[in-house]
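Okay, so here's the structure we're looking at.
Every number here is computed from the coordinates shown, using simple stated rules; none is lab data. As the structure is a computational prediction, the values presented were derived from the model and not from experiment. Don't worry about glycine lacking a Cβ; one is built from the backbone with ideal geometry, like all the others, and counts go over all protein chains shown.
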Amino acid sequence: MTLPPYAGLLGVTLELVDGVPEIVMPFGHHVVGRPGYLQGGAIAGLLEVAAVAAVRHALAAETARIKPINATVDFMRGGRDHVTRAAGEITRLGARIATVTAVAWQDNRTRPIATARMNYLIERATG
Amino acid sequence: MDWDPTAMARYLLETPSVAGHGGRLGQRYHAHGVGWIEVAQPWHEDLVGDEETGIIASGPIIALMDVATSLAVWHRCATFVAHATLDLRIDYLRPARPRQIVIGRGECLRVTRSIAFTRGIAHDGDPADPIAQVAATFMATAGNYPRVAA
């Protein structure tokens with residue numbers, strides 16, 4: 001799986017943890033909002049990359065376009081000067097719509113800094 | 001202290017030592033009026049989410065709208081207030097045109113002691129044909145928002 005150019009701007013990499021994709025984002029000035037904290041947009045971008053990676057992973061070898069319909073992001077804690085990880089979990093993968101919940105955390109996955117619910121339109125390549 | 005939304009937006013987005021993520025994305029002040037403020041996101045290859053189409057990823061659009069709606073709260077309060085985004089909802093109404101500048105417009109609907117409610121749109125030239133609409137809420141993180149006339 002290759003990540004888009006925007007993932008390079010964020011400075012994120014993909015790791016497979018027990019076969020499940022996780023997106024890893026080191027801290028840096030390029031993702032900072034208020035001093036010492038991650039910008040909400042950078043966290044949302046990380047969640048989006050993780051959600052799309054989860055859909056791609058679920059679609060496996062299938063060729064499909066994945067188009068975002070909407071996203072709702074909740075910010076629970078400030079993102080500090082630590083590595084942030086994010087993973088998407090597919091709530092439902094239908095013929096046309098994928099619903100994904102993505103979680104971003106720093107030291108402890110049970111204490112997320114943000115979560116998001118996203119809907120994607122799946123356009124599968126026709127035969 | 002006089003409120004100058006242009007100076008505030010430029011300070012946050014165009015001062016290299018301050019403008020972290022917004023600076024990396026290349027965002028800059030665009031315009032403001034009574035009750036609204038706009039931030040510009042020029043197109044760049046680094047922002048692309050889909051290499052086949054060259055369409056900008058959704059992350060930079062959310063970052064743009066987060067900044068535009070945040071500025072809209074300060075614009076309504078006529079002062080800077082330390083706050084954090086509580087949540088943000090975005091609907092992608094249509095794809096952005098590749099290689100086109102995106103404008104994020106934020107409006108603040110109401111400010112209470114602790115919470116500010118906003119909405120916004122992203123467009124690429126015609127505000128009547130938006131790319132996305134958002135609703136975002138913010139919470140004051142150090143004290144309260146000032147009293148603002150309804």
Check: Restricting attention to segment B:33-87, which residues are of a type in the set (Asp, Glu), in a loop (DSSP other than H, G, I, E, B) and more than 7 Å from every other protein chain (Cβ to nearest Cβ)?
Finding: B:Glu52
Next item on the list: Might you let me know whether segment A:25-37 holds any residue that is part of a strand (DSSP E or B) and either under 25 Å from B:Leu86 (Cα atoms) or within 15 Å of the chain's Cα centre (by Cα) (or both)?
Entry: yes
Note to self: Given the criterion free of Cβ contacts under 8 Å to residues at least 24 places away in the same chain and out of contact with any Lys or Arg (no Cβ under 6 Å at 6 or more places or on another chain), identify the matching residue among B:Asp87, B:Asp126.
What the structure shows: B:Asp126
Notebook entry, point to check: When you look at A:Ala61, is it over 27 Å from B:Ala68 (Cα atoms), without any contact (Cβ under 8 Å) to a residue 60 or more places away in the chain, more than 8 Å from chain B (Cβ to nearest Cβ) and over 14 Å from the mean Cα position of the chain (by Cα), yes or no?
Noted result: yes
Next item on the list: Would you check if there is a residue in segment B:50-62 being under 18 Å from B:Thr6 (Cα atoms) and surrounded by 15 or more Cβ atoms within 10 Å (Cβ to Cβ)?
Entry: no
